[in-house]
1. Please report, in Å, the Rg and the Dmax of segment 38-100, where both are computed over Cα atoms only.
2. Filter the trypsin sites (Lys or Arg not before Pro) in segment 27-74 to those in DSSP coil with at most 16 other Cβ atoms within 10 Å of their Cβ, and list the result.
3. What number comes out for the charge environment of residue 30, summing +1 per Lys or Arg and -1 per Asp or Glu over other residues with Cβ under 12 Å away?
Amino acid sequence: MSTESPAATGVAADSGHRIDWEAAERSPEFGELVRRRRGFVLPATIFTLCWYFGFILLAGYAPDFMGRKFLVDGLTVGYTLALSQFVMVWALCWAYLRRADRVFDPLAEAAARRAIEAAETAEPRAGGRFERAPAADQRPELHVPGQEMRR
């Protein structure tokens, strides 16, 4: 995980830069980020579900196998497989964080930089897709019939 603050990278959404989200979505860096993240998350999810439901199926349909002693007295195959669920989840979390730090975060920062650059070079659009509403002091006052206008 990156130890730099978002302000140091210059790509934070609240850093005052306008971001062209459509340009970010079209950028090759963003496409690569989506492809690589999907390439990790999908197999990891399938593996996790197979491991979990495999354990459930073994517990339900192979109680003799799950009740066998394993390594020491009192420890069974079932207990070992149940505890391995925790180890497997921690290992997958560690692997994801490592991949995010080395692959996903640099791609995300590159895509954000490209989006900021695209927004800075693009001509301003009136009423763009992501325009914010005016601040409270800039909003026109509404007149409700039957009531006096207040300031």
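Read-outs throughout are calculated quantities, based only on the coordinates presented, and are distinct from any laboratory measurement. These numbers were taken from a predicted model, which means no experiment stands behind them. FYI the Cβ positions are ideal-geometry reconstructions off the backbone, even for glycines, and counts take in every protein chain you see.
1. Reported Rg and Dmax, both Å: 14.1, 43.
2. Working: sites: 35, 36, 37, 38, 68, 69; in loops: 68.
Of the trypsin sites (Lys or Arg not before Pro), the ones in loops of segment 27-74 whose Cβ has at most 16 other Cβ atoms within 10 Å are 68.
3. Numbers: positive: 26, 35, 36, 37, 113, 114; negative: 20, 22, 25, 29, 32, 109.
Spelling it out: positives minus negatives among the neighbours equals 0.
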